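Notes follow the structure.
The values are calculated or read from the model by the stated rules, or taken from the named source; none is laboratory data. Everything numeric here is computed off the predicted structure, so don't read it as measured data. With ideal geometry, Cβ positions are generated from the backbone for all residues, glycine too; neighbour counts draw on all protein chains shown. The protein model used for the area step is the full one, side chains on, heavy atoms only, and it has no ligands, DNA or RNA in it. Shrake-Rupley method; radii C 1.70, N 1.55, O 1.52, S 1.80 Å.
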Amino acid sequence: MRTGIILMAFALFIPAAVSGQSNYIITDTTAVYGIDLLDAGEIENAKYIELRNDESIIRYTPDEVREYGFKDGRIYVSKQIQTPDGIEAVFFERLIQGNLTLYYYPLTENSIFYLERDSTLTPLYSERTSDGSASFRDTLRDLTSDCGNVSDAVNLVRYKKSSLSLLISRYNACELRPFPFVKYGIVSGFNSSSISLISERDILNQSFRDSDFIRDRSFSIGVFVDYPLFESDYSIYSGINYYENSYYSRSGTGNNLSEITVNLSSVEVPVMVRYAYPSTTFRPFFNIGFSYLANLKNESTVYESTLNNNTVEFNIFETSQIVSDHQLGVLAGIGTFYHLRYDRVIFLELRYKAHYYLTKKYLFEADGFRKNNLFRRSGIELVAGFNL
């Protein structure tokens, strides 16, 4: 009686029209909106809710309040469950409402999800229990068997709010879409790249000013991981790739010739944001990001020859400074996934990359140039991969 009188008093002063963007409490007889509810955290929120007015703080239990919600969209519903001490009323957080309604009940240990259909609550256990109760995937297969569009998704869903919420919302709509999951595997590529001057500033040696490196073609090998973002069609792609490249330039005419060779062994760590179109078999995608490139082997040799009065003069010097040992680059690519089955994919991608210096090293002026930050490395790569 006391609960109803207090809530009715609030209802006289606060219109229910603001319910969509405000805190609220609903009892069997009254709905009150625009009130000041205290958020005590998900564990305490499952036990009670506190309302603050000008003079005091009033606590309500699941026996007194049927439903309450915060203005950020979280909704809690009073339910009765069996506990070791008997039947107990608690607050469930309602995640998805529909033909199947998904609830979350937080505990200090082993929090649990519940599904409700036709007022019947079914617990979802993270794994098979000692008393023989089915694991959450087995329970989900049984409760969603009338919609074949989510049968594969049940095998990929994880025991967490976002993943289970996505599955139940797709079941309620019986929607056929690829279900996000973590992919990791092996990747290989065929790349065509070269190095070139960013600017001729501070380049004194004519050999470098005239350099025109032939494109090098080589293969790469590596591993990758593709991690979905927020259970969506976006993901973060990363990995480690190994490259070996040799670049060659020949310039000059007549009595003055120069040759430059650059040999690199590199490890690349790309980090890209990827979007994949939600089709079922072929999934086109594009991604963009950056990468760090470490040149583990970085050897460069310059050969210069000059003909003077029938005498050829040679100038040979070696340096590890033409290309920076550490480079930072930008990446962009387009490609497609092909789903062999729900949890096995292969992908093919055409990727553009350009790497610039990350560290500066100053050279001997006698060599004819001063800084290594004038050379970039760029090219395209055809990448193929499959997840394990």
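Counting only residues that are in contact (Cβ under 8 Å) with a residue 40 or more places away in the chain and among the hydroxyl-bearing types (Ser, Thr, Tyr), how many does the stretch 49-90 have?
Within the stretch 49-90, residues that are in contact (Cβ under 8 Å) with a residue 40 or more places away in the chain and among the hydroxyl-bearing types (Ser, Thr, Tyr) number 2.
Among the listed residues Glu231, Glu259, which satisfies the condition of being more than 30 Å from Glu175 (Cα to Cα), touching a residue at least 24 places away in the same chain (Cβ under 8 Å) and of a type in the set (D, E, K, R)?
The unique qualifying residue is Glu259.
Does the stretch 173-186 contain any residue that is open to solvent by 50 Å² or more (accessible area, probe 1.4 Å), part of a strand (DSSP E or B) and either among the aliphatic types (A, V, I, L, M) or at pLDDT 95 or above (or both)?
Within the stretch 173-186 (the criterion being open to solvent by 50 Å² or more (accessible area, probe 1.4 Å), part of a strand (DSSP E or B) and either among the aliphatic types (A, V, I, L, M) or at pLDDT 95 or above (or both)), the answer is yes, since at least one residue qualifies.
If Ser218 satisfies all but one of (1) among the hydroxyl-bearing types (Ser, Thr, Tyr); (2) open to solvent by 10 Å² or more (accessible area, probe 1.4 Å); (3) at pLDDT below 90; (4) part of a strand (DSSP E or B), what's the number of the condition it fails?
Going through (1) among the hydroxyl-bearing types (Ser, Thr, Tyr); (2) open to solvent by 10 Å² or more (accessible area, probe 1.4 Å); (3) at pLDDT below 90; (4) part of a strand (DSSP E or B) one by one, Ser218 breaks only (3).
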